[in-house]
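The structure appears below as structure tokens.
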Amino acid sequence: MGSLSIWHWIVVIAVVLLLFGRGKISDLMGDVAQGIKAFKKGMQDDEKTAEKPEPMKSIDHNAGQPTAARSDIGSKAV
């Protein structure tokens with residue numbers, strides 16, 4: 001009683017085909033395949049983004065006019 005015979009599986013498959021039809025099942029499988037492809041593409045895009053290091057940003061301290069001591073800022077000794 002606990003095991004399913006081949007006849008049980010045939011009946012289950014026949015009922016599924018009758019309920020959903022052949023077209024709906026193939027459409028569903030196509031949608032699943034597209035989802036898997038999109039997931040893999042997204043994972044590859046993430047890896048490519050992670051591999052590209054961001055360019056180092058630097059600040060040129062000597063650019064522009066030489067800075068003079070600012071007298072407009074009050075100084076408080078703490």
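Placing a pseudo-label 7 Å from each Cα along the Cα-to-Cβ vector at R22 and M56 gives an inter-label distance of 6.5 nm. Using the Karplus relation 6.51 cos²θ - 1.76 cosθ + 1.60 with θ = phi - 60°, the per-residue 3J(HN,Hα) values for region 18-35 come to 5, 6, 9, x, 5, x, 5, 5, 5, 5, 5, 5, x, 5, 5, 5, 5, x Hz, with x marking Gly and Pro.
Modelled spin labels at K41 and A14, positioned 7 Å past Cα toward Cβ, are 4.2 nm from each other.
We did not get these values from a lab; they are worked out from the coordinates using the rules stated. Remember, it's a predicted structure, so these values are computed and weren't measured experimentally. As a convention, Cβ positions derive from the backbone with ideal geometry for all residues, glycine included, and neighbour counts pool all protein chains shown.
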